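Structure, as structure tokens:
The values are calculated or read from the model by the stated rules, or taken from the named source; none is laboratory data. From a predicted model like this one, the values you see are computed outputs, not experimental measurements. For neighbour counting, all protein chains shown are included, and Cβ atoms are generated from backbone atoms with ideal geometry for every residue, glycine included.
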Amino acid sequence: MKLNIGKSIVFFDLETTGMNVGKDKIVEIAAIKVMPDGTEIRLEQRINPEIHIPIETSKIHGIYDEDVRLMPTFKEFAAELNQFIGNADLAGYNSNRFDIPLLVEEFLRADIDFEMKNRRMIDVQNIFMRMEQRTLSAAYQFYLKKPLVNAHTALADANATYEILQQQLEYYMDAEFIDKDGSVSKPVVNDVNSLAEFSTFNKNADLNGQIVLDDQGIEIFNFGKHKGISVQKVFELEPQYYDWMMKADFPRYTKKILTAIKLRGFNSGSTKAK
């Protein structure tokens, strides 16, 4: 269906060094500018972020430091990109929460005041999530083909969850799943270990996802100025950070994990000293 637009709209996507708008950088941008008459203009450019791309991030989008070493920096490319976008509206997937804030941040770093006041923003993910709700009641209707009675009462919701899982085992029996590496599997099977692994998106060291495990099983921070850095390394170089976290409003279980990591590092250092 042809879009009914009064002015141009740019559909774009970013590949980046990470998910922290305040410190991460763009490594690739692709954009399609749709004109009011339906004409499309395309732009694609890799960017030298001038910082290291974490290996775990490169494994996701396939862009490594050497791939962008000779590419223009964002500051060098900013004027051309700004001219391409012009006064167009913006659209993307999860763009309101991440892509647009990071794009604007990059423009500001390049000393370009990218005006947002009169731009309309369309986030396709938000439309999807609002129209195809992922509530328990919506899941019950989808799998059980009937409305959930007494929703939001604890016993009814717990029973509905149990019934949904039983239906999922039948619904996805022999269904194939392709992961980000292109590997094909049939993960929804009647086995608790398999279901637990498949239903866990991140390998959290704590329960809140503020400390996660990297590909080598090492605990790393998942927030703040030390995001992506080994917890033990941070505590070795900046021991006061542990003290700050212990006094701050973090969950007790997170503090328990942090203490275990700190003690492990201390014991390891004591052993080496002997």
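Hey, among 220, 261, which residue is part of a strand (DSSP E or B) and under 29 Å from residue 24 (Cα atoms)?
220
Among the residues of region 155-210, the ones that are of a type in the set (S, T, N, Q), assigned to a loop (DSSP other than H, G, I, E, B) and under 19 Å from residue 134 (Cβ atoms) come to 3 in all. Of all the criteria given as (1) under 30 Å from residue 149 (Cα atoms); (2) assigned by TED's automatic domain parsing to the domain that holds residue 265, the one not satisfied by residue 169 is (2).
The residue pairs whose first member lies in region 75-99 and is within 15 Å of residue 11 (Cα to Cα), whose second member is of a type in the set (S, T, N, Q), and whose beta carbons are closer than 6 Å, counting only pairs six or more residues apart or on different chains, are 88/8; 93/125; 94/125. Residues being within 29 Å of residue 180 (Cβ to Cβ) and either surrounded by 14 or more Cβ atoms within 10 Å (Cβ to Cβ) or acidic (Asp, Glu) (or both) are represented in region 130-138 by at least one member.
In region 206-231, the residue that is surrounded by the most Cβ atoms within 10 Å (Cβ to Cβ) out of those that are aliphatic (A, V, I, L, M) and under 29 Å from residue 172 (Cβ atoms) is 212.
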